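Q: Sharing a structure with you now.
The values are calculated or read from the model by the stated rules, or taken from the named source; none is laboratory data. Computed from a predicted structure; not experimentally measured. Quick reminder, even Gly has a Cβ in these numbers, built from the backbone with ideal geometry, and neighbours come from all protein chains shown. Just the protein is used for accessible areas: all its heavy atoms, side chains included, with ligands, DNA and RNA removed. Shrake-Rupley method; radii C 1.70, N 1.55, O 1.52, S 1.80 Å.
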Amino acid sequence: MYLYRLEVECDKGKLVVITAAEDEEKAFSAVDEHVERHFLTMPDIREVTLLEKKRISPGAAYVIET
């Protein structure tokens with residue numbers, strides 16, 4: 001299992017989605033579901049970019065600058 005950090009460009013702006021998945025295909029397919037849950041109406045997703053992929057292990061984490 002891996003931890004994926006993906007950047008989503010949509011009509012609401014740029015979003016970062018972090019999800020756990022078995023492979024990249026499942027990580028990308030999970031993006032729609034997570035973005036849809038976050039907003040009242042589904043935004044128009046233009047592009048999804050894989051930024052990082054890490055094997056899940058104790059202590060695995062991402063540092064996100066704001």
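Q: Counting only helical runs of four or more DSSP H residues, what would the 222 nm mean residue ellipticity of the chain come to if each run contributes -39,500 (n - 2.57) and the total is spread over all its residues?
A: Value at 222 nm, helices only, nearest 500: -7500 deg cm²/dmol.
Q: Just to confirm a number: summing +1 for Lys and Arg and -1 for Asp and Glu over residues other than residue 60 whose beta-carbon lies under 13 angstrom from that of residue 60, what do you get?
A: +3
Q: Let me ask you something else. Quick one: the Cα spread of the chain along its three principal axes, in angstroms, biggest first?
A: So the extents along the principal axes, rounded to whole Å, are 35, 26, 19.
Q: Taking Cα atoms, how many degrees apart are the long axis of helix 24-38 and the longest axis of the chain, rounded to 10 and kept between 0 and 90?
A: 50 degrees
Q: Then there's this: How large is the accessible surface per residue of the chain, computed with a 1.4 Å probe and reported in Å² as a whole number?
A: Spelled out: the 1.4 Å probe surface of the chain, per residue, equals 72 Å².
Q: Do you know the relative contact order of the chain, to the nearest whole percent, from alpha carbon pairs under 8 angstrom that are 6+ apart?
A: About 43 percent, as a whole number.
Q: While we're on this one: Work out, step by step, the length gained on full extension between residue 62 and residue 9: first 0.36 nm times the residue separation, then minus their alpha carbon distance; give nm to one decimal.
A: Here the answer is 17.1 nm.
Q: Starting from the residue with the highest accessible area, list 14, 26 in decreasing order, probe 1.4 Å.
A: Order by accessible area, largest first: 14, 26.
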